[in-house]
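Chemist: Quick one: this structure, given as structure tokens, is what I'll be asking you about.
What follows draws every value from the coordinates through simple rules; no lab data is involved. Here the structure is a predicted model, which is why all the values come from computation and not from measurement. Counting neighbours? That spans all protein chains shown, and the Cβs are built from the backbone with ideal geometry, glycine included.
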Amino acid sequence: MKIKPIKSDRELKRVLARIDELWGSKPDTPKGDELDVLMLLAEKYEDEHYSIPASDPIEAIKFLMEQKDLSRKDLEPYIGTSARVSEILNKKRSLTLSMIKKLHEGLNIPYECLIA
């Protein structure tokens, strides 16, 4: 396959099909090198044309609350009083660095999800 930049969705589909064919190729072989290059090209094209916006920190907290069946009261050790939790969840107040650190350490929410 001739390697060149991907410029359309049609070309992306061809590259993805070739990646499937090459999947599992040993590193440092011609096929392994081709796989590496094609994966980089596909990733670059997808990042430019199908980027996923960063999540909203409050939505990340609400998602976690839903997944772990947590109440607002359960957030108080990480955020503060019930009034403060309400302000944060209603987006009337921003998370502080201290809150972000506590949420990350206590509830395992990735920093990337909490910093907007």
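Chemist: Look at Ile109 and say whether it is farther than 30 Å from Leu16 by Cα, outside any helix (DSSP H, G or I) and β-branched (Val, Ile, Thr).
Modeler: Yes: the conditions hold for Ile109.
Chemist: Could you check segment 5-58 and list, in sequence order, the residues that are β-branched (Val, Ile, Thr) and closer than 27 Å to Pro110 by Cβ?
Modeler: Ile52, Ile58
Chemist: Also, I was wondering about something else. Report, by residue number, each residue of segment 98-109 that is under 20 Å from the mean Cα position of the chain (by Cα) and free of Cβ contacts under 8 Å to residues at least 12 places away in the same chain.
Modeler: Lys101, His104, Glu105, Asn108
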